[in-house]
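The values are calculated or read from the model by the stated rules, or taken from the named source; none is laboratory data. Predicted, not measured: the structure shown is a model, and the values here were computed from it. Reconstructed Cβ throughout: ideal geometry from the backbone, glycine too, with neighbour counts over all protein chains shown.
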Amino acid sequence: MSVSRETRTITPGPSTPLQTPDVSVLSAGPVRVAEPVSPDTLTDLRLDHVLSSLSDAGKDSLMVELFTRPPGDADTVEYRQEVCSDLRDPAVRRAVATFRQGMGRIDERVRSAITSGPSEYHWQQRRRLAEAMADYTHLVQDLRARLDAVTLHSRGMSAVHAYLESYATSPEFEELIRSTGEVINALDRVRFRISMEMGLIVVTPAEQEGTYNEQMAALFERFQDDAVPRGEGGKQEKDPGITHVTAGIVAQAARMEPKPFTVLAEHCRQNANFRDETLVRFAQEAGFYLAYLGEIAPLEEAGLAFCRPGITVDGKRLEARDSFDLALALQVVAKGEDVVTNDAQLDGAERVLVVTGPNQGGKTTYARMIGQLHHLASIGLPVPGRDVELPLVDRVLTHFERVEGVGDPTGKLEEELVRMRRMLEIATPRSLVVLNEAFTSTSLQDARELGKRVLEKIIATDMLAVYVTFVDELSRLGPATVSLVSQTSHEDLNRRTFTVSRQHANGTARALALAARHGLTLPQLLERIPS
């Protein structure tokens, strides 16, 4: 992944039922998804960068839909977790990835055959369709053989395997194999001779062996360009293509021996929709998992842990070990640097993680980590960390600082208050709220009072929250709040470790320690001032 790639805003669509076929790796049946994640939340959590990479900057609409619209029920989340666990088996992942890539190539060949040029190219177009059919049957048989050789545990992949067993042995599929093979073999047996007379290409019945492609290559070998890209071993890649010359030659051959071409045309007409809709959909759906597993593979190779999180529906318990900010880790690992991991815990009456500490110490990164964990878990994907247990939230809501616009008629504090109120109005007891450095534009006293009221509302609603703040007192509102502090090195208080630990917030003590280090405490100053 190129970490310098620019991303664009990807806006989720409206909330509508996500329709899935009878056999799907997304759910056991039709599922109503939750409200789509807002673009602001994606940006605040830096998941917009992750989504842009997964979806090819938004071109993969299914990926955008699945990533931004969590399913609203725990069973569907578990269903997707099961599928993802199966796909973490290298043999299963290779089988599905090979099938998906092959289906993509077949799609390209079909599109090329349909849109490759004028009507006089129709014989070449039909030949390409027949070859695509042959490739498709081989691909289905290969997937079936590969899945037969592995053990599947998920409901989704087991359903696909069972469907594949039935489909690959059906009379319709076996007939497609037989008839496609006969059509291609009949075309391959057509023999003709190509010669050039008075500047014209003449096609006549052939008396000796030799295929059309071989004769064409020999005839035009003298005109080959050495600059044409070469494949392995220095040989030129074969790409016969479709030109008016080849079209004319094939048209003459079809008039000389029409039967194989007539059969080809009828075969293409009867099998225009040769690809099974369920298997086409499976290849598309599998991309959701394969893209994510491919994205996190470099992180796992670097030693970072990903796991299938435990999901609770009724509880509020949060437990995460060795977790990290996914978006940041992708950048850091790409640079060959180490990623700092952190833990998180909420239990019993605890509901709010209040994070304090020095600037640039990893507080915002920690808050993003918590938001990412809950979102990724809600869409059924592995999460960064080991031994992770999370409540299933209905939405992740964020409140990060916004750049004040020059033409904004309201002040920064008013804009923050309006956004905060809207967010808290739509939050439910099953929501997670991530607040980062709220009310920094006002006085310490006002920030303390406003922050207190916001936290009291959050606690009263019984939702979960992360609050990054410079106001230490907010970490001591009662048993619902947990104080976390971003740490510095014991040897050098100016060096951040980027770890966040449970600790009593005491910014005054840290300020005194820094002042002492630089000889700026009152006693130190008095000693230096002449009496």
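Please identify the pairs in which a residue from region 390-403 that is not assigned by TED's automatic domain parsing to the domain that holds Ala344 and modelled with pLDDT of 95 or more has its Cβ atom under 8 Å from the Cβ atom of a residue that is among the β-branched types (Val, Ile, Thr) and in a strand (DSSP E or B), counting only partners at least 6 apart or on another chain.
none
Scanning region 471-497 for residues that are among the hydrophobic types (A, V, I, L, M, F, W, C), surrounded by fewer than 20 Cβ atoms within 10 Å (Cβ to Cβ) and under 19 Å from Gly361 (Cβ atoms), which turns out modelled with the lowest pLDDT?
Ranking the qualifying residues of region 471-497, first place goes to Leu493.
Could you tell me whether region 376-385 includes any residue that is under 14 Å from Leu435 (Cα atoms), aliphatic (A, V, I, L, M) and surrounded by 23 or more Cβ atoms within 10 Å (Cβ to Cβ)?
Taking every residue of region 376-385 in turn, none turns out to be under 14 Å from Leu435 (Cα atoms), aliphatic (A, V, I, L, M) and surrounded by 23 or more Cβ atoms within 10 Å (Cβ to Cβ).
From the list Asp40, Asp44, Asp86, which one is within 25 Å of Asn436 (Cβ to Cβ), among the acidic types (Asp, Glu) and surrounded by 22 or more Cβ atoms within 10 Å (Cβ to Cβ)?
Asp44
Could you list, ordered by first residue, the pairs with Cβ atoms under 6 Å in which the first is in region 457-484 and in contact (Cβ under 8 Å) with a residue 12 or more places away in the chain and the second is among the charged types (D, E, K, R) and not in a strand (DSSP E or B), at least 6 apart or interchain?
So the pair list comes out as Ile459/Arg351; Leu464/Arg351; Val468/Lys363; Val468/Glu437; Val471/Arg448; Glu473/Arg448; Ala480/Arg351; Val482/Glu350.
Exactly one of these conditions fails for Leu328: (1) in contact with a Phe, Trp or Tyr (Cβ under 8 Å, 6 or more places away or on another chain); (2) part of a helix (DSSP H, G or I). Give me its number.
(1)
How many residues does region 342-362 hold that are in a loop (DSSP other than H, G, I, E, B) and surrounded by fewer than 19 Cβ atoms within 10 Å (Cβ to Cβ)?
Selection size over region 342-362: 6.
Restricting the search to region 452-489, which residues are over 21 Å from Val500 (Cα atoms) and small (Gly, Ala, Ser)?
Hit for region 452-489 is Ala460, nothing else.
Just to be sure, is Thr98 in contact with a strand residue (DSSP E or B) (Cβ under 9 Å, 6 or more places away or on another chain), β-branched (Val, Ile, Thr) and either part of a helix (DSSP H, G or I) or at pLDDT below 95 (or both)?
no
Within region 299-332, count every residue that is closer than 24 Å to Leu42 by Cβ and without any contact (Cβ under 8 Å) to a residue 40 or more places away in the chain.
The qualifying residues number 2.
Has region 70-82 got any residue that is touching a Ser or Thr at 6+ places or on another chain (Cβ under 8 Å) and outside any helix (DSSP H, G or I)?
Checking region 70-82: at least one residue is touching a Ser or Thr at 6+ places or on another chain (Cβ under 8 Å) and outside any helix (DSSP H, G or I).
If I filter region 374-385 for residues that are in contact with a Leu (Cβ under 9 Å, 6 or more places away or on another chain), within 22 Å of Ser475 (Cβ to Cβ) and at pLDDT 95 or above, do I get at least one hit?
The answer is yes, given that some residue of region 374-385 is in contact with a Leu (Cβ under 9 Å, 6 or more places away or on another chain), within 22 Å of Ser475 (Cβ to Cβ) and at pLDDT 95 or above.
So is Arg281 in the same structural domain as Arg94 (by TED's automatic domain parsing), surrounded by fewer than 21 Cβ atoms within 10 Å (Cβ to Cβ) and among the charged types (D, E, K, R) or not?
It is true that Arg281 is in the same structural domain as Arg94 (by TED's automatic domain parsing), surrounded by fewer than 21 Cβ atoms within 10 Å (Cβ to Cβ) and among the charged types (D, E, K, R).
Could you please find all residues in region 314-325 being in a loop (DSSP other than H, G, I, E, B) and surrounded by fewer than 21 Cβ atoms within 10 Å (Cβ to Cβ)?
Asp314, Gly315, Lys316, Arg317
Checking the structure you have, find out if any residue of region 403-421 is buried (at least 22 other Cβ atoms within 10 Å of the Cβ) and outside any loop (DSSP other than H, G, I, E, B).
no
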